[in-house]
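Participant: Below you will find the structure I want to go over with you.
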Amino acid sequence: MIDRIKELIGEAEAFTTDNKEALDVFRIKFISKKGLINEIFAEFKNVPNEQKKAFGQAINSLKNAVENKIRTIQETLEAKEEAIGVYGDLTRPGTPMNIGSRHPISLVKNQVIDVFSNIGFNVSEGPEIEDDWHNFEALNFPAHHPARDMQDTFFVQMNPDYLLRTHTSSVQVRYMENNQPPIRTISPGRVFRNEAISSRSHCIFHQVEGLYIDKDVSFADLKQTLLYFTKEMFGKSKIRLRPSYFPFTEPSAEVDVYWGLKTETDYRITKGTGWLEIMGCGMVDPNVLKASNIDPDEYSGFAFGMGLERMAMLLYQIGDIRMYFENDVRFLEQFKSNF
């Protein structure tokens, strides 16, 4: 019987084929329920005790030889099939590629940068984790100002104070510390405030703030700059400035653009007035210039700031600010045409 097993081992090792049908016949012959290996194993009880060890080893050798042969041939056949599938039909259609799109916030930010670049503004950036000096003190925020409270600001460390910046005005301070007038820069970036998340507000949003400092800069320069921006960005040529208050500018104003009342959406977003607030602005406070070692008797300037989410909601008619941060592919795919 052992000699018979050795013959079968030689047969298994010599077996070769290039098709699955012959391989299946080989497998059924040896390792199916009615295959040769089970038949031989059934004879194990009739083998004398002194031969059982050698008999068992021979059966295991046969089983291993058959399984190795089946596995080797299967791998060879699968490799051939894969090569045929990839390279066989060179006229087949190509694999489609999914084209991505820029985020709507990035689209609007790039538009704003292009508009101000055309009138000589460069782009400045700074850290998102700021110290108290650059975020508050250098911008004329008094110690009792509510923005310094933890209910409005995310503090990450106390004594000394470090926080997630609440505006990109801190970048303007850093720029003034390292550059002398004339200064003409915009500072886009992400900012953080401890606010309840809703369809109209979020704890994370994006700003673009602008700064212009030179000799004899007036409020008229500020108004004409903003009028140019609204014409280029929105196609609107009518703005108004309403008195307001910001610690780092004096005088200060809110900027409204006349959006019109042509559609139901216009009535909704302007509350029936036709006017829509788009940013805040003002003349740079002399204390801010002094904090950055710029002589307020020689230089003056203006600053402005706007939210990118708000502008994107207007331009693309987006009804919920939370959609910007959910990374829903169905939402983002709508902006492929603007890539």
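Participant: Computed FRET efficiency, Cβ-Cβ of Asn118 and Ala196, R0 51 Å: what is it to the nearest 0.05?
Facilitator: 0.85
Participant: Under the rule of -39500 (n - 2.57) per DSSP H run of 4 or more residues, summed and divided by the residues of the chain, what mean residue ellipticity at 222 nm is obtained, to the nearest 500 deg cm²/dmol?
Facilitator: -13000 deg cm²/dmol
Participant: Okay, moving on. Out of Gln334, Tyr175, Pro127, whose Cα points farthest toward the positive end of the dipole of region 104-335 (charges: +1 Lys, Arg; -1 Asp, Glu; placed on Cβ)?
Facilitator: Gln334
Participant: Multiply the residue separation of Lys53 and Lys33 by 0.36 nm, subtract the distance between their alpha-carbon atoms, and state the gained length in nm to one decimal.
Facilitator: Taking 0.36 nm per residue and subtracting the Cα distance, the gain is 4.9 nm.
Participant: Would you mind checking the tilt of helix 20-31 against the longest principal axis of the Cα atoms of the chain, expressed as 0 to 90 degrees and rounded to 10?
Facilitator: Tilt of helix 20-31: around 60 degrees.
Participant: Here is a follow-up. Rounded to the nearest Å, what's the spacing between the alpha carbon centres of region 250-325 and region 1-53? Just the number, please.
Facilitator: 85 Å
Participant: Let me ask something else. What order do you get for 306-316, 2-12, 210-220 when each peptide is scored by the mean count of other beta carbon atoms within 10 Å, highest first?
Facilitator: Ranked from most to least packed, the peptides come out as 306-316, 210-220, 2-12.
Participant: How tilted is helix 104-117 with respect to the longest principal axis of the chain? Cα atoms for both, answer in degrees (0 to 90, nearest 10).
Facilitator: 40 degrees
Participant: Run the accessible area of region 142-248 with a 1.4 Å probe and give the carbon-and-sulfur part as a rounded percent.
Facilitator: The nonpolar share, carbon plus sulfur, comes to 49 percent.
Participant: Once Lys and Arg get +1 and Asp and Glu get -1 on their Cβ, which of Gly305, Ile99, Ala12 lies farthest toward the positive end of the dipole of the chain?
Facilitator: Result: Ala12.
Participant: Here is a further query. Quick check on packing: order 51-64, 163-176 by the mean number of other C-beta atoms within 10 Å, highest mean leading.
Facilitator: Packing proxy ranking, top to bottom: 163-176, 51-64.
Participant: Determine, from the Cβ-Cβ distance of Glu333 and Leu77 and an R0 of 51 Å, the FRET efficiency 1/(1 + (r/R0)^6), rounded to the nearest 0.05.
Facilitator: 0.80
Participant: What's the FRET efficiency of Met158 with Thr95 using the Cβ-Cβ distance as r and R₀ = 51 Å, to the nearest 0.05?
Facilitator: According to the calculation, E is roughly 0.40.
Participant: By the scheme Lys and Arg +1, Asp and Glu -1, what is the net charge of all other residues having a beta-carbon under 13 Å from that of Thr249?
Facilitator: Every neighbour counted, the sum reads -4.
Participant: Please compute the per residue accessible area over region 1-83 with all protein chains in place, 1.4 Å probe, rounded to a whole number of Å².
Facilitator: So region 1-83 comes to 70 Å² accessible per residue, rounded to a whole number.
Participant: Which is farthest toward the positive dipole end of the chain among Ile73, Val25, Ser61, measuring Cα position about the Cα centre, with Cβ charges +1 (Lys, Arg) and -1 (Asp, Glu)?
Facilitator: After comparing all options, I get Val25.
Participant: Mind pulling up the Rg/Rh value for region 20-75? Radius of gyration and Kirkwood radius, both on Cα.
Facilitator: Answer for region 20-75: 1.06.
Participant: Okay, moving on. Angle between the Cα long axis of helix 169-178 and the longest principal axis of the chain, 0 to 90 degrees, nearest 10?
Facilitator: On a 0 to 90 degree scale, this one is about 80.
Participant: Set the bar at 26 Å for Cα to Cα. Now go through Lys236/Lys271; Lys20/Lys52; Lys231/Lys271; Lys6/Lys45; Lys238/Lys271; Lys33/Lys69 and name every pair that lies beyond it.
Facilitator: Distance filter (> 26 Å) returns Lys20/Lys52.
Participant: Which of these values of Rg/Rh (Cα atoms, Kirkwood Rh) was calculated from the structure shown: (i) 1.43; (ii) 0.95; (iii) 1.04?
Facilitator: Read-out from the structure maps to (i).
Participant: Using a Cα-Cα cut-off of under 19 Å, which aspartates and glutamates could be cross-linked to Lys215, ignoring same-chain neighbours fewer than 8 residues away?
Facilitator: Hits, sequence-local ones excluded: Glu177, Glu250, Asp285, Asp295, Asp297, Glu298.
Participant: Could you tell me the relative contact order of region 104-335? Use alpha-carbon pairs under 8 Å, at least six residues apart, and round to a whole percent.
Facilitator: Relative contact order for region 104-335 comes out at 21 percent.
Participant: If the chain between Glu128 and Glu177 were fully stretched, how many nm would it gain, using 0.36 nm times the residue separation less the Cα-Cα distance?
Facilitator: 15.9 nm
The values are calculated or read from the model by the stated rules, or taken from the named source; none is laboratory data. In this text, all values refer to a predicted model and were calculated from it rather than measured experimentally. Using ideal geometry, Cβ is built from the backbone for each residue, glycine included, and neighbour counts are taken over all protein chains shown. When the accessible area is computed, the model is the full protein with side chains, heavy atoms only, and any ligands, DNA or RNA have been set aside. Shrake-Rupley method; radii C 1.70, N 1.55, O 1.52, S 1.80 Å.
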